[in-house]
Amino acid sequence: MLIPKARGSLSAALFAALPSLGPDDAPPPCPTTADDNADEQIALWALYELHYRGFEDADAELEWHPDLLRLRRSLEIPLEQRLRARYAAEAVAPDAGPTLAASVFALVEGHRGPSLASYVQRNADLEQVLDLLRMRSIYHLKETDPSSWAVPRLPRASQAALVELMYDEYGCGRAREVHSDLFARALAACGLDDRYGAYVDEVPTEVLEQNNAMTLFGLHGRLRGAAVGHLAAFEATSSLPSRRMAQGLARLGMPTEVAAYYLEHVEADAVHEQLATRGICAALVEDDPTSAGDIFFGAFTCLDLESRFAAAVLADWGVGS
Amino acid sequence: MSERSPVPEMILCPDGPILLRGQHVVVDDDGVEHRTTRPVSAICRCGHSATKPWCDGTHKVAVPRARTSTRTAD
């Protein structure tokens, strides 16, 4: 993919500099603060993307450019502070259940927010669903990749459970069953662009923030609890909504490849939510009891950012949540 | 799950499914055999799944009732 479009003066300066920047060059001066959150999130998203697949028009060595890492850090700090402030403001009770798994499920169950899947199930029209698939493509075309960063930062029992989950996500050795490939085929079947990152210029800031939070948690070893907590909440809010999505897609007569992606997640994530809570997260807390707080922080962040995304999309569609 | 060996093949999840690790044939209430297709499978225990014998998460919204008598055979 190519470097995305800027959304403000900081991202404009950064994206203008990237194509000609070498790994040892000093970058031209950038504004020290972003114009707004959209400017901040697209800049951070692009800096993070250097750690995934990078850009055709930027040197792959920029992944470890010290000045870009410094800029990345200056964008990560306010993001993490904002996410933690939202978690603190909600005052969620992480001790609601007899076990860590029960507490995570209780946190998920207790969260209230608008549901895009329910809207798709009953009300969405074809254009709205295509719109949603374009927005979801930013993550689904790199599905599970952010969680992969956590593997070497976890104790062995958590590693075993996470990699067991990931083996399923990455197709059990079959390239055409890698979940990102299932989603790419779903996009193509709808006549949408299935290339990685193709729609990044048109997605709302909320999508960038969701993706940036996952990468933030994944790339920082100190945030491993948040990484697996986020994964647990993601998996625990997938099976039933995926069923609703599949029903909505069938109602609209959409191609079977799209329903296939969601139906795979009905069954897969009924397994993964158990592995994530009882395997990955519980084993981490057993090894490091201090990680419990960040597990709940990560789980809450997953739920909260999805609610914010859903509210923004429904508002854009003119639907009251 | 801990680092005990051997790894448990079957895990009963409180208020949730049975996790079944590895390749097995599951016989449902009607005697129909279903072969597992993923590294770990979740088998419905609440009786409300729309994809029985597999769990689809419905136990989280369904009223609890007697467990079904799904048995497994290798």
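All of the numbers you see were taken from the coordinates with simple rules; none came from a lab. Computed from a prediction, not measured in an experiment: that's the story for all the values here. So basically every Cβ, Gly included, is an ideal-geometry build from the backbone, and we count neighbours across all protein chains shown.
Here are the numbers:
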item	result
Calculated FRET value between A:Arg251 and A:Ala88, using beta carbons and R₀ = 30 Å, to 0.05	0.15
Relative contact order of chain A, pairs being alpha-carbon contacts under 8 Å that are 6 or more residues apart, as %	22
Where trypsin sites (Lys or Arg not before Pro) in DSSP loops with at most 14 other Cβ within 10 Å are excluded, longest remaining stretch of chain A	A:196-321
Positive-end residue of A:Gly218, A:Leu192, B:Val26, charge dipole of the protein assembly as shown with Cβ unit charges	B:Val26
Peptide B:37-44 - average C-beta neighbours from other chains (10 Å radius)	6
Estimated dipole of chain A in Debye, rounded to 20 [Cβ of Lys and Arg +1, of Asp and Glu -1, Cα centre]	580
Residue (of A:His140, A:Phe234, A:Asn123) at the positive-pole extreme of the range A:93-316, dipole from beta-carbon charges	A:Phe234
Per residue Cα convex hull volume in Å³ - calculated over the range A:142-184	55
Sequence-separation-based contact order of the range A:172-321, relative, with Cα cut under 8 Å and 6+ spacing, percent	32
More than 37 angstrom apart: percent of Cα pairs within the protein assembly as shown	21
Overall dimensions of the range A:103-144 as given by Cα atoms, namely Rg and Dmax in Å	13.4, 38
Kyte-Doolittle mean at least 0.0, axial Cα span of 24 Å or more - DSSP H helices of chain A	A:292-316
Chain A: calculated mean residue ellipticity at 222 nm from DSSP helix runs of at least 4, using -39500 (n - 2.57)	-20000 deg cm²/dmol
With 5 Å bins from 0: P(r) over the range A:9-85, alpha-carbon pairs, percent	3, 16, 29, 27, 16, 6, 2, 0
Where only alpha carbons of the range B:4-48 are counted, the Rg and the Dmax (Å)	11.3, 35
